[in-house]
1. Across the range 5-27, what is the total count of residues that are in contact with a Gly (Cβ under 9 Å, 6 or more places away or on another chain) and either assigned to a helix (DSSP H, G or I) or over 18 Å from Thr66 (Cβ atoms) (or both)?
2. Would you confirm whether or not the range 63-70 contains a residue that is part of a loop (DSSP other than H, G, I, E, B), free of Cβ contacts under 8 Å to residues at least 40 places away in the same chain and either open to solvent by less than 30 Å² (accessible area, probe 1.4 Å) or of a type outside the set (Phe, Trp, Tyr) (or both)?
3. Do the conditions hold for Pro5, that is, is it surrounded by 11 or more Cβ atoms within 10 Å (Cβ to Cβ) and modelled with pLDDT of 95 or more?
4. Using beta carbons and a limit of 6 Å, which pairs, at least six apart or on different chains, have the first residue in the range 1-30 and farther than 23 Å from Leu85 by Cβ and the second one of a type in the set (Lys, Arg)?
5. Hey, could you check the range 23-58 for residues that are modelled with pLDDT under 95 and open to solvent by 80 Å² or more (accessible area, probe 1.4 Å) and say which is nearest to Gly101 (Cα to Cα)?
Amino acid sequence: MRKQPEWFAKWDDRILEYLYEFGSSTPSQIADDKYIRITSSYVSRRLGELAEYDLVESMGGEHKITKKGRYYLAGGYDPQSDKYLHDIDPERGLYNYERMGILMRDLADRARNR
């Protein structure tokens, strides 16, 4: 489960999920998605807030999700305290396989950028 910070808005999770799934995008591209029902100006404001906390990165007019953003989506990062969380699920004691998928995607991204 994700630990949402107090400053999070209703649509922030959806915006991060969109960026995780589709890669770098503009506010208009995000707002045009059929599952996101907000204006591009509101998306732009939320992206600015998410960028302040290093959950997204701005690249000109486009934004992409950061490592912290990917870990947040997998329940492995707490934006409120700016801390990465443990790798063991306290309830079940099992390794979080979603987090492993994110680690593998990080490795693939690093390999491509070399």
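The values are calculated or read from the model by the stated rules, or taken from the named source; none is laboratory data. It should be emphasised that the depicted structure is a prediction, and the values quoted were computed from it without experimental measurement. Because the Cβ atoms are built from the backbone with ideal geometry, glycine has one as well, and the counts that use them run over all protein chains shown. These area figures cover heavy atoms from the full protein model, side chains too; ligands, DNA and RNA do not enter into them. Shrake-Rupley method; radii C 1.70, N 1.55, O 1.52, S 1.80 Å.
1. Residues meeting the conditions: 4.
2. Yes, some residue in the range 63-70 is part of a loop (DSSP other than H, G, I, E, B), free of Cβ contacts under 8 Å to residues at least 40 places away in the same chain and either open to solvent by less than 30 Å² (accessible area, probe 1.4 Å) or of a type outside the set (Phe, Trp, Tyr) (or both).
3. no
4. Sorted first by the residue in the range 1-30, then by its partner, the pairs are Ser24/Lys64.
5. Taking the candidates together, the pick is Tyr35.
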